[in-house]
Amino acid sequence: MPAPRIPRIKSPELLIAESGTDLEGHGLKRTMGLFQLVCFGVGAIVGTGIFVGLSDSVAQAGPAVVVSFILAAITCVFTAFAFAELGGAIPVSGSSYSFAYAGLGESTAFLVGWCLLLEYGVSVSAVAVGWSQYVNELLDSLTGRQLPAALSSGPTDGGVINVPAVIVIALASVLLMRGVRESARATAAMAVLKLAILVLFCAIGFSAFKDGNLTPFSPAGLGGIGAGTTAAFFSYIGFDAITTAGEEAKNPRRNIPIAIMICIGLVTLLYCAVALAAIGAIGGDKVGGQPAALSYVVNEVTGSTVGGGVIAFGAVVAIASVVLAVMYGQTRILMSMSRDGLIPRVFEKISPKTSTPVAGTLIVAVVFAVPAAFASLDAAVNLCTIGTLATMAAVNVAVIALRRREPGLARTFRVPLYPVVPLLGVGFCLYLMYETGWTTWVQFALFLVAGFLVYVLYGRRHSRLAARAEATAAVAERESQAV
């Protein structure tokens, strides 16, 4: 008689028990309060998307980019509700991966974790490339010179190697290995600074605001707004990183849902204000296609490079904080996958001295410094976007699955208007995935196939959940035979 198939779904209780939430298990320390979580979320979100990517969104949608930002925010809000519910109910480091494990099973969870390599890992590379652009802008405003193209861009952008992109990843990895408390303090300081810089930009931009610059409002029609929404969505990537702090946050069941909602609301208002200020000041045709758009706008308005230099300095700090926050999230997700045996154990090792996954951080830094050094920003954005949207859709489905399977699960926050909101979240995610284009879909499909092969050849065979279940079944069988 063949052995019964063992379901590979991990209960929320088991996820929490294995996470070390009693402050013992894996050595993580709870040091992040609500303010630190909000700053961490802002640090993960506000960066390349608005400082560099704004020009791409404006090029697609024109002044209607404000609508694109709002539509992208709506997509995030629907999914933010799902993250808030699951982040409060299952406060562990695995984020979407752990939520999928509890709601959808091991194979889906592995593919979600695989897609998170795009959201966190590839976005680190993309963000680092954007950081390099503003480093050059800052050097130009201070010295009148820039780094040679050969050393500040990859081969796809006409250079040889992007040295600044590698440097920012190296600096972030060093800070992360020093400890979570130090990283949280640095992220909070950089988040406050970048918000101040963007408020300053809005003040300068609105001082030169002209109504005529907003017409025609939607030069490319609904198609342009849709394409602009997909481009604008990249500006919101990272809010879910808050849930990766589930094991290092104080009172995570309360603070994680609140932090997520505050971040989405704050960032949406900020993005719409920045877009209106930029376009209203000089017109959408001039904003579109500018590599360092915000500095360019300030230079045009003030007639001097000083203001642009200040904005460039803010961008350098802002984008560096994104690298720091996103690398933090990536290492914690890999740590959770490693605990489950789905990837090598090196990623779950915690340094007793710093209480951080030092080896995993080093590996992540080295692996993603390579595309940052040699690839372009555009090459990574769409692939990162579609991977993020896929994981967000999975989290919405996981909410529905867990509501049915675990109705008694302690939930400090519940998705409103269930099941309409999570279903709308899935729908918006699928629409934006469609808007990325068929080339991105082909690349994404190949990426998923590669991930499935890794799971079949390694993850499934080394799964600790399956090994535990098989051992339990074997014991039960022996006891029944003895009786």
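Using only Cα atoms, figure out Rg for region 33-144 and give it as a multiple of 2.2 N^0.38 Å. Walk me through the intermediate numbers first.
Details: Rg = 17.5 Å, N = 112, 2.2 N^0.38 = 13.2 Å.
Normalised Rg, Cα atoms only: 1.33.
Multiply the residue gap between residue 161 and residue 215 by 0.36 nm, knock off their C-alpha separation, and tell me the result in nm, one decimal place.
On the way: separation 54, 0.36 × 54 = 19.44 nm, distance 4.07 nm.
Net length gain for the segment: 15.4 nm.
Among 295-306, 132-143, 446-457, what's the highest-first ranking by average C-beta atoms within 10 angstrom per residue? Mind dumping the intermediate values first?
Working: 295-306: 18.9, 132-143: 21.0, 446-457: 13.9.
Descending mean neighbour count gives 132-143, 295-306, 446-457.
Determine by what factor the alpha-carbon radius of gyration of region 251-361 differs from 2.2 N^0.38 Å, reporting the quotient. Walk me through the numbers on the way to the answer.
Working: Rg = 20.3 Å, N = 111, 2.2 N^0.38 = 13.2 Å.
That ratio works out to 1.54.
Full extension from residue 11 to residue 171: what is 0.36 nm times the residue separation minus their Cα-Cα distance, to one decimal in nm? Before the final figure, lay out the partial values.
Working: separation 160, 0.36 × 160 = 57.60 nm, distance 3.75 nm.
Using 0.36 nm per residue and subtracting the Cα-Cα distance, I get 53.8 nm.
In degrees from 0 to 90, rounded to the nearest 10, what is the angle of the helix 377-405 Cα long axis to the longest principal axis of the chain?
40
Taking 0.36 nm per intervening residue step and subtracting the Cα-Cα distance, what contour gain separates residue 460 from residue 302 on full extension?
On the way: separation 158, 0.36 × 158 = 56.88 nm, distance 5.98 nm.
The residue 460-residue 302 span can extend by a further 50.9 nm.
Putting +1 on Lys and Arg Cβ atoms and -1 on Asp and Glu Cβ atoms, find which of 263, 12, 317 reaches farthest to the positive end of the dipole of the chain.
After comparing all options, I get 12.
Quote the Stokes-Einstein diffusion coefficient, in whole µm² s⁻¹, for region 227-296, based on the Kirkwood radius over alpha carbon pairs, a temperature of 37 °C and a viscosity of 0.692 mPa s. Present the calculation step by step, with values, prior to reporting the outcome.
Numbers: Rh = 14.3 Å.
The estimated diffusion coefficient comes to 229 µm²/s.
Which value results for Rg/Rh of the chain when Rg is the Cα radius of gyration and Rh the Kirkwood radius based on the inverse mean 1/r?
Details: Rg = 22.5 Å, Rh = 22.7 Å.
Across the chain, the Cα-based Rg/Rh ratio is 0.99.
Could you work out how far the C-alpha centroid of region 295-331 sits from that of region 57-119, in angstrom?
Taking the Cα centre of each part, region 295-331 and region 57-119 sit 25 Å apart.
If packing is taken as the mean number of other Cβ atoms within 10 Å per residue, what is the order of 45-53, 10-18, highest first?
Details: 45-53: 28.8, 10-18: 17.9.
The peptides rank, most packed first, as 45-53, 10-18.
Give, rounded to the nearest 20 debye, the magnitude of the charge dipole that the chain has about its Cα centre when Lys and Arg contribute +1 at Cβ and Asp and Glu contribute -1 at Cβ.
On the way: 30 positive and 26 negative charges, 235 e Å.
Computed about the Cα centre, the dipole is about 1120 debye.
Return one number: the angle in degrees, 0 to 90 and rounded to the nearest 10, between the long axis of the Cα atoms of helix 65-89 and the longest principal axis of the Cα atoms of the chain.
Tilt of helix 65-89: around 30 degrees.
Add +1 for every Lys or Arg and -1 for every Asp or Glu among the other residues with Cβ under 12 Å from the Cβ of residue 88, and state the total.
Working: positive: 253, 254, 411, 414; negative: 85.
For residues surrounding residue 88, the net value is +3.
Output wanted: per-residue J couplings in Hz (rounded whole) for region 136-146, from phi through Karplus 6.51 cos²θ - 1.76 cosθ + 1.60, θ = phi - 60°, x for Gly and Pro.
5, 5, 5, 4, 5, 6, 8, 10, x, 10, 10
State, to one decimal in nm, how far the label point of residue 182 lies from the label point of residue 452, with both points 7 Å from Cα in the Cβ direction.
4.4
Suppose R0 equals 22 Å. What FRET efficiency, 1/(1 + (r/R0)^6) with r the Cβ-Cβ distance, do residue 207 and residue 266 give to the nearest 0.05? Kindly include the intermediate steps, with their values, before the conclusion.
Numbers: r = 23 Å, r/R0 = 1.04.
For residue 207 and residue 266, the calculated efficiency is 0.45.
What does the charge count near residue 394 come to, summing +1 for each Lys or Arg and -1 for each Asp or Glu among other residues with Cβ under 12 Å from its Cβ? List each step's numbers first, then the result.
Numbers: positive: none; negative: 119, 240.
Spelling it out: positives minus negatives among the neighbours equals -2.
Divide by every residue of the chain the summed helix terms, -39500 (n - 2.57) for each DSSP H run of at least 4, and state the resulting mean residue ellipticity at 222 nm, rounded to the nearest 500 deg cm²/dmol. Don't jump to the answer; show the numbers that get you there.
Values: 21 runs with 335 residues, N = 483.
-23000 deg cm²/dmol, from helical runs alone.
Select from 398, 299, 118 the residue farthest towards the positive end of the dipole of the chain; place +1 on Cβ of Lys and Arg, -1 on Cβ of Asp and Glu, and compute about the Cα centre.
With unit charges placed on the Cβ atoms, the residue in question is 398.
Find, among the trypsin sites (Lys or Arg not before Pro) in region 181-224, those assigned to loop by DSSP (not H, G, I, E, B) with at most 13 other beta-carbon atoms within 10 angstrom. Mind showing how you got there, number by number?
Working: sites: 181, 185, 194, 210; in loops: 210.
Within region 181-224, the qualifying trypsin sites (Lys or Arg not before Pro) (loop, at most 13 other Cβ atoms within 10 Å) are 210.
Roughly how many Å is it from the Cα centre of region 421-440 to that of region 157-231, as a whole number?
24
What distance in nm separates the simple spin-label points at residue 472 and residue 254, each placed 7 Å from Cα in the Cβ direction?
About 3.3 nm, to one decimal.
How high is the relative contact order of the chain, in percent, counting Cα pairs under 8 Å that sit 6 or more residues apart?
Computed value for the chain: 32 percent relative contact order.
Sorted by mean Cβ packing within 10 Å, highest first, what order do the peptides 119-125, 286-292 take?
On the way: 119-125: 28.6, 286-292: 18.7.
The peptides rank, most packed first, as 119-125, 286-292.
Using Cα-Cα distances under 8 Å and only pairs 6 or more residues apart, what relative contact order does region 232-332 have, in percent? Could the numbers behind the result be given before it?
On the way: 50 pairs, mean separation 23.5, N = 101.
Relative contact order here is 23 percent.
Taking 8 Å as the Cα distance limit and 6 or more residues as the minimum spacing, I'd like the relative contact order of region 331-483 as a percentage.
Numbers: 95 pairs, mean separation 41.9, N = 153.
That works out to 27 percent.
None of the figures in this text is laboratory data; all of them are computed from the coordinates on show. These figures come from a predicted structure and were not determined experimentally. All Cβ positions, even for glycine, are placed from backbone atoms using ideal geometry, and neighbour counts span all protein chains on display.
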